[in-house]
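The values are calculated or read from the model by the stated rules, or taken from the named source; none is laboratory data. Quantities reported herein were computed from a predicted structural model and do not represent experimental measurements. Heads up, the Cβs are rebuilt from the backbone with ideal geometry, glycines too, and the neighbour counts pull from every protein chain shown. Note: areas computed on protein heavy atoms with side chains; ligands, DNA, RNA excluded. Shrake-Rupley method; radii C 1.70, N 1.55, O 1.52, S 1.80 Å.
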Amino acid sequence: MKRHHRVAVALALASALCGAGSAMAQEADAPPRERWSFWGPFGMYNPAQLQRGFKIYQEVCANCHGIKLLSFRNLTEPGGPGFSEAQAASIAASFQVQDGPNDQGKMFKRPGKLADFFPPPFANEQAARAALGGKLPPDMSTLAKARSYEAGFPWFVFDAFTMYQEEGPDYIHAIINGYTDAPPDFTLPPGGQYNKYFPGHAIGMPKPLSDGQVEYTDGTPMTVDQYGRDIAAFLMWAAEPTLIARKRLGFQVMIFLIVFTGLLYFTKKRVWHLVLHDRELEKPRAPTEYPT
């Protein structure tokens with residue numbers, strides 16, 4: 001009886017673990033992997049894509065989300081969207097930046113300058129929650145680096161060798177495209193939207209983009225899928241604007257280390273060759289000449 005009882009307990013435990021594992025796998029469905037121009041050790045940002053992504057941010061995302069760590073002059077820096085100083089200055093002037101105090105000791109609003117940071121859409125967190133029904137939109141400055149997902153085995157092994165670091169853009173692109181109807185057995189909280197890639201599937205942000213919402217003038221398809229790619233690439237640049245310089249420096253360091261290793265190896269061979277082939281040490285000596 002004891003043996004049958006133990007078998008039954010083991011089967012029940014295994015069944016529970018399998019059920020839990022299935023639920024966890026369903027909860028942790030990884031977003032599909034996308035191809036990015038900045039992927040890999042030699043990848044680079046696409047300036048045209050970054051400009052399209054900024055257009056989406058300016059027309060759609062900036063209504064709720066800030067990028068407080070990014071300044072207007074960053075738009076002109078090498079490796080970024082490639083705006084000229086005149087274009088960036090025009091963009092800055094379209095934003096109202098708080099400044100002051102003035103001579104009367106009061107704060108005031110003025111058009112932005114290149115040295116200014118992007119102003120937040122709300123004065124403070126309390127104002128944001130009051131305007132959005134208690135929800136606080138995250139700042140997008142480092143969103144592409146802060147948001148990620150578990151790739152699982154064996155992907156994380158491959159990622160270690162391929163240096164894949166684009167889970168953040170994959171996640172953002174998936175969230176933009178993940179809005180769908182909730183299953184019949186799923187209960188959405190008040191004001192929630194169903195998103196198949198969001199943890200828990202209930203997301204507070206309404207679907208932000210639809211086909212044709214943002215106009216492109218370069219012939220790029222105006223679809224939600226393309227919008228998701230462009231805004232994800234822009235947010236990746238916003239989170240790591242010096243990515244190209246970092247990769248270039250890393251490549252130069254690797255070349256230096258390879259050359260330095262070769263010099264050390266041949267130096268060692270030269271030094272020990274002189275030691276091991278010293279003519280004085282190689283001369284034959286009588287047994288009485290060796291130290292005892």
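A few points about this structure:
- Yes/no for Leu136 being in contact with a Lys or Arg (Cβ under 6 Å, 6 or more places away or on another chain) and open to solvent by 50 Å² or more (accessible area, probe 1.4 Å): yes
- Scanning segment 156-196 for residues that are touching a strand residue (DSSP E or B) at 6+ places or on another chain (Cβ under 9 Å), modelled with pLDDT of 90 or more and aromatic (Phe, Trp, Tyr) turns up Tyr179, Tyr194.
- Number of positions in segment 70-92 that are open to solvent by 50 Å² or more (accessible area, probe 1.4 Å), touching a residue at least 12 places away in the same chain (Cβ under 8 Å) and outside any loop (DSSP other than H, G, I, E, B): 3
- Candidates Met254, Met222, filtered to the one that is over 20 Å from the mean Cα position of the chain (by Cα), at pLDDT 90 or above and part of a loop (DSSP other than H, G, I, E, B): Met222
- Residues within segment 117-164 that are closer than 24 Å to Ser71 by Cβ and outside any helix (DSSP H, G or I), tallied: 16
- Single residue of Thr261, Thr217 found to be open to solvent by less than 90 Å² (accessible area, probe 1.4 Å) and of a type in the set (S, T, N, Q): Thr261
- For segment 196-217, the set of residues classified as in a loop (DSSP other than H, G, I, E, B), free of Cβ contacts under 8 Å to residues at least 40 places away in the same chain and not charged (D, E, K, R) consists of Phe198, His201, Pro206, Ser210, Gly212, Thr217, listed by residue number.
- Looking only at segment 165-181, and only at residues there that are assigned to a loop (DSSP other than H, G, I, E, B) and open to solvent by 40 Å² or more (accessible area, probe 1.4 Å), the one that is farthest from Gly53 (Cα to Cα): Asp181
- Any hit, segment 114-121, residues being within 21 Å of the chain's Cα centre (by Cα) and open to solvent by less than 70 Å² (accessible area, probe 1.4 Å): yes
- Hey, Gln87 more than 25 Å from the chain's Cα centre (by Cα) and either over 21 Å from Val60 (Cα atoms) or of a type in the set (Asp, Glu) (or both) or not: no
- Residue in segment 183-195 that is out of contact with any helix residue (DSSP H, G or I) (no Cβ under 6 Å at 6 or more places or on another chain), of a type in the set (Asp, Glu) and loosely packed, with under 15 Cβ neighbours inside 10 Å present: yes
- Long-range neighbours under 9 Å by Cβ, at least six apart or interchain, first residue over 15 Å from Ser210 (Cα atoms) within segment 172-186, second open to solvent by less than 20 Å² (accessible area, probe 1.4 Å) and not in a helix (DSSP H, G or I): Ile172/Pro31; Ala182/Gly192
- Considering segment 218-238, the residues that are touching a residue at least 60 places away in the same chain (Cβ under 8 Å) and hydroxyl-bearing (Ser, Thr, Tyr) include one that is nearest to Ala30 (Cα to Cα), namely Tyr227.
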